[in-house]
Amino acid sequence: MERRRNIRGRACNRQFGNTMSKKILSFGLPKGSLQEATIQKMAKAGWNISVSSRSYVPYVDDEELKIRVIRAQEISRYVEHGYLDCGVTGYDWIVENSSNVHEVGEFLFSKATRQPARWVLCVPENSPVRSVKDLRGKRIATEVVNLTRKYLRQRGVKADVEFSWGATEVKAHGLVDAIVELTETGSSLRANKLRIVDTLLASTPRLIANHQAWKNPWKRRKIETLALLLKGALEAEAKVGLKMNIAEKNLARLLASLPALRNPTISGLSQKGWVAVETIIDEHVVRELIPKFKAAGAEGIIEYPLNKVVY
């Protein structure tokens, strides 16, 4: 009888797998404004994630990765306390939550500006407030209450800071004296006729890890792989590959105007006296360089996108 139970147990393990021994890394995907950008970057890095509107447990094509969709505001707390091994969140929420986590890497997800988002102190354009000192005894609305209170303490200003559930720009006109709001380009603030008084914090997305997870050799390698490939995907977004053919007699002229990550790759062609040149350059300068390459004698110029650039 005992032997039959052992046989059935071994058969069950073979059929369903020993899930208890499987190595899993739990990853926090930020819900909200960072969610789609993170999914896109993860896809370029090699992990395809599918999020269902009915579930907070997305599918990912990696059995070693378990993803949870959590508000960016909360991820650093869950990582700090070990409910998640790692995750992506803004630096602002790490500061707001005073989270003790290991910062693995900084990632600028915005292809449009390549600039960090900023938490700024704002007032209406016609407000008499010119500096934070003018807000003594006044009311400020914001989502980052702790960050704002710390900022005021450091400047010796006592003011009433209240939590804002949203539509903070609107509250600056008549409901409160000032707001602390997140901006990247400033366009929303200008549209709402708001003036920036000061910047409290610049914030970029960060990959963070729980300290215990970081000490685990397998989890650390997995997290470092995520960071490496995410960084490679982001680097690739700003660059393109170029291929072209040119006569050897014109090669020196071409190379004089050709930027590259290292030295360009040069290989011989079957046509005697001709070579192929391949390089990687910043995308924003391509429009200026291609006419120069053509003038130098280059032919068959091909521009192609990149998935990853790993230094």
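So the values come out like this:
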item: Pick from the stretch 260-281, criterion loosely packed, with under 12 Cβ neighbours inside 10 Å and not small (Gly, Ala, Ser), ranking: nearest to Tyr311 (Cα to Cα); result: Arg262
item: Within the stretch 173-193, tally of residues that are at pLDDT 95 or above, of a type in the set (Val, Ile, Thr) and either within 25 Å of Pro30 (Cα to Cα) or surrounded by fewer than 19 Cβ atoms within 10 Å (Cβ to Cβ) (or both); result: 2
item: Qualifying position, being surrounded by fewer than 16 Cβ atoms within 10 Å (Cβ to Cβ) and under 30 Å from Thr168 (Cβ atoms), among Ile208, Ile196; result: Ile196
item: Any hit, the stretch 43-53, residues being touching an Asp or Glu at 6+ places or on another chain (Cβ under 9 Å), on the phi > 0 side of the Ramachandran plot, touching a residue at least 40 places away in the same chain (Cβ under 8 Å) and outside the structural domain of Thr142 (by TED's automatic domain parsing); result: yes
item: Checklist (1) part of a loop (DSSP other than H, G, I, E, B); (2) over 16 Å from Lys239 (Cα atoms) applied to Pro291, failing item; result: (1)
item: Single residue of the stretch 297-311 satisfying the filter (part of a strand (DSSP E or B) and among the β-branched types (Val, Ile, Thr)) that is nearest to Leu255 (Cα to Cα); result: Ile301
item: Conditions (1) modelled with pLDDT of 95 or more; (2) buried (at least 17 other Cβ atoms within 10 Å of the Cβ); number of the one not met by Val145; result: (2)
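The values are calculated or read from the model by the stated rules, or taken from the named source; none is laboratory data. What you see is a predicted model, and the numbers here were worked out from it, not measured in a lab. Don't worry about glycine lacking a Cβ; one is built from the backbone with ideal geometry, like all the others, and counts go over all protein chains shown.
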